[in-house]
Amino acid sequence: MADTVREIERKYEIADDAQLPDLAGIDRVATVVEAGVEALDALYYDTAGHHLAADGITLRRRTGGKDAGWHLKLPVAPGVRDEVRAPLSDMPPPELTALVRSRVLDRELVPVVRLRTTRTVRVLKDAAGVPLAEVAVDAVRAQRVGEPTKGAEAPEGAAEVRWSEIEVELIGDGDGDTELLDEVGRALVAAGARPASAQSKLARALAETGPPRDRPAAGDAGPGKRGAKGSGKRGGKGKGAAKEKGCTAGDVVLRYVREQVRVIIELDPAVRRDLPDSVHRMRVATRRLRSAFRSYTKVLDRAATQPIGLELKWLAAELGVDRDREVLTARLGKALADVPRTLRLGPVDARLRIWSERRRAGSRKEVLAVLDGPRYLSLLKTLHAFLEEPPLRPAAGRPAPQVVSKAVLKDYRRLARRVEAALAAPAGRERDEALHGARKAAKRARYAAEASRPALGRPAKKFAQRIKRVQQLLGDHQDSVVARGALRELATQAHQAGEGGFTFGLLYGREEALAADRERELPGRWEKASRRKYRAAFRR
């Protein structure tokens, strides 16, 4: 069984004979306690091409110390990593290798570096004796190891490199107290230490023990490489609204596509670990990527993107099983909490909880089965291959503004037709379906505008924001449609169990009224978003 520990630390390089300064009295540190010396022996695993190291990920088997075992370190933010631990075994444990599958694909994990460390540990405590941080002075010896058939021994003539460093890591209730790390860091720098140039011991070992061709390339722009700009949370919008001069349509579209692939790859372990919002973010990335394929057919060959788009649609649907349950349960729970106690008849809270847990148990297993399955692995391989040789069309080499403007306007006109059809549809199921179709069109137009921002700048950002407001209204309407279906199911189950269905009926009526409100609001919101002046920047 794997356990996870959040690691917040700072690393410093020091001379071999450096002395640790007196840290008592810094910030809240009252005492510095000697915690002994540890002998650590770690064997690091990676692919032959160092795909994990290129993404700042380390997988090691370590003996010695208080936490001997397998450790997988996943970057969270600068100086912050999640360390997933598993018990000692001869080979990398499946629960850890699953978390790196999106990077490794079906490549073999082999030993690449052996690190032997003599660690002198000191614990910083406050006046009450509560541990705040651990300061470890490490004397490190690093060597490349031989081929897998030779075990973990260094090949003949392999260079051994040595260095000394200091790691300062928060512990206990100090989690997140970066001010303490800053204070300790200033004291160490004043004593002659330097912030570490490498993000990990493995990164330094690879850089200093192998030929240049074997070293991880900083800023590699590959689909899963951390050198790519942006973060999964931004979903590929870019850092600012300023447009870039001289970029081609291919530059703009491929940047957006690469970002979505990167998000999918990086969120894979988060989805497997059931981290909050991870399924939603991964699903959004699949939708953005598929939308880009459909919007920018003048840039990317549709014959190549259409099969990938179908697989992305499949993945989004599979992920949606878990995500839709999560969103729906939260919506119904909030609605139920707003009902006065006098109107909450029967065990409605328990009924909702049982209904949700039954759905969750099945959906969670299904999501993990998908991520472990051959179809998903094939999709990841296809995405990697796609970015290595993008199927660009002639328009990809043209200046970006004209090409992407036409694509955005095309998607806008599609959205306008869908909204007009929805407004004209008769109330009831036909209108609900038409509004849902308009919502999908709004997403596509919004994503196309977001992708165009490097070429069009602020107008594209503003346009996307206005379309997003329309999308949110339509989304709220669709959520109400889905919620009413769930409430009918809950009321039926309650009736079959001999419980009253009054409360679920009350919630159904409220959802029906909310949907009617959104339908009344749509014409006004669409009128604001669709003003001609907002599309002026796209007319070229």
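The values are calculated or read from the model by the stated rules, or taken from the named source; none is laboratory data. In this text the structure is predicted, and so the values were computed from the model without any measurement. Cβ atoms come from the backbone with ideal geometry, glycine included; neighbour counts cover every protein chain shown. We work out accessible area using only protein heavy atoms, side chains counted, and drop any ligands, DNA or RNA first. Shrake-Rupley method; radii C 1.70, N 1.55, O 1.52, S 1.80 Å.
In the stretch 477-508, which residues are acidic (Asp, Glu), assigned to a helix (DSSP H, G or I) and crowded, with 16+ Cβ neighbours inside 10 Å?
So in the stretch 477-508, the residues acidic (Asp, Glu) come out as 479, 489, 499.
Keeping just the survivors that are assigned to a helix (DSSP H, G or I) gives 479, 489.
479 - this is the single residue of the stretch 477-508 that is acidic (Asp, Glu), assigned to a helix (DSSP H, G or I) and crowded, with 16+ Cβ neighbours inside 10 Å.
If only one of 438, 445 is under 19 Å from residue 288 (Cβ atoms), more than 27 Å from the chain's Cα centre (by Cα) and buried (at least 17 other Cβ atoms within 10 Å of the Cβ), which one is it?
On the way: 445 fails: more than 27 Å from the chain's Cα centre (by Cα).
Within the list 438, 445, the selection yields 438.
Return the only residue of 96, 109, 43 being among the aliphatic types (A, V, I, L, M), touching a strand residue (DSSP E or B) at 6+ places or on another chain (Cβ under 6 Å), open to solvent by 20 Å² or more (accessible area, probe 1.4 Å) and farther than 22 Å from residue 140 by Cα. Outline the logic, then answer.
Numbers: 96 fails: open to solvent by 20 Å² or more (accessible area, probe 1.4 Å); 43 fails: farther than 22 Å from residue 140 by Cα.
Step by step, each of 96, 109, 43 is checked, and only 109 is among the aliphatic types (A, V, I, L, M), touching a strand residue (DSSP E or B) at 6+ places or on another chain (Cβ under 6 Å), open to solvent by 20 Å² or more (accessible area, probe 1.4 Å) and farther than 22 Å from residue 140 by Cα.
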I'm trying to understand the selection: among the residues of the stretch 287-342, which are surrounded by fewer than 22 Cβ atoms within 10 Å (Cβ to Cβ), outside any helix (DSSP H, G or I) and among the hydroxyl-bearing types (Ser, Thr, Tyr)?
297
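Could you list all residues from the stretch 413-468 that are among the polar types (S, T, N, Q) and in a helix (DSSP H, G or I)? Break it down into steps so the answer makes sense when it comes.
Within the stretch 413-468, the first condition is being among the polar types (S, T, N, Q), and the residues that meet it are 452, 465.
Passing the criteria: only 465.
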Which one of these does residue 77 not meet: (1) open to solvent by 30 Å² or more (accessible area, probe 1.4 Å); (2) aliphatic (A, V, I, L, M); (3) in contact with a helix residue (DSSP H, G or I) (Cβ under 8 Å, 6 or more places away or on another chain)?
(3)
Extreme residue, nearest to residue 352 (Cα to Cα), among residues of the stretch 509-533 that are open to solvent by less than 50 Å² (accessible area, probe 1.4 Å) and touching a residue at least 12 places away in the same chain (Cβ under 8 Å)
511
Long-range neighbours under 7 Å by Cβ, at least six apart or interchain, first residue more than 19 Å from residue 412 (Cβ to Cβ) within the stretch 428-445, second part of a helix (DSSP H, G or I):
431/422; 432/481
Would you pick out the residues in the stretch 42-58 that are in a strand (DSSP E or B), closer than 23 Å to residue 171 by Cβ and not hydroxyl-bearing (Ser, Thr, Tyr)?
42
Within the bounds of the stretch 130-150, is there any residue that is at pLDDT below 95, under 18 Å from residue 54 (Cβ atoms), in contact with a Leu (Cβ under 9 Å, 6 or more places away or on another chain) and open to solvent by less than 50 Å² (accessible area, probe 1.4 Å)?
yes
Can you tell which of 283, 273 is open to solvent by 10 Å² or more (accessible area, probe 1.4 Å) and touching a strand residue (DSSP E or B) at 6+ places or on another chain (Cβ under 9 Å)?
273
Which residue pairs have Cβ atoms under 9 Å apart, sit 6 or more places apart or on different chains, and have a first residue in the stretch 454-465 that is under 20 Å from residue 259 (Cα atoms) and a second that is among the charged types (D, E, K, R) and open to solvent by less than 60 Å² (accessible area, probe 1.4 Å)?
460/450; 460/453; 461/450; 461/453; 464/446; 464/450; 464/453; 465/446
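Quick check on the stretch 514-530. Is at least one of its residues among the hydroxyl-bearing types (Ser, Thr, Tyr), within 36 Å of the chain's Cα centre (by Cα) and over 25 Å from residue 257 (Cβ atoms)? Walk me through it before giving the result.
Of all residues in the stretch 514-530, those among the hydroxyl-bearing types (Ser, Thr, Tyr) come to 530.
So of that shortlist, the ones also within 36 Å of the chain's Cα centre (by Cα) come out as 530.
Imposing the further condition that a residue be over 25 Å from residue 257 (Cβ atoms) reduces the set to 530.
Yes; the residues of the stretch 514-530 include at least one that is among the hydroxyl-bearing types (Ser, Thr, Tyr), within 36 Å of the chain's Cα centre (by Cα) and over 25 Å from residue 257 (Cβ atoms).
Is it the case that some residue within the stretch 28-40 is closer than 21 Å to residue 278 by Cα, touching a helix residue (DSSP H, G or I) at 6+ places or on another chain (Cβ under 8 Å) and surrounded by fewer than 19 Cβ atoms within 10 Å (Cβ to Cβ)? Working first, answer last.
First, the residues of the stretch 28-40 that are closer than 21 Å to residue 278 by Cα: none.
No.
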If we only count strands (runs of 3 or more DSSP E) wholly inside the stretch 63-131, which ones have 2 or more residues that are under 30 Å from residue 282 (Cα atoms) and of a type in the set (A, V, I, L, M)?
69-77, 80-86
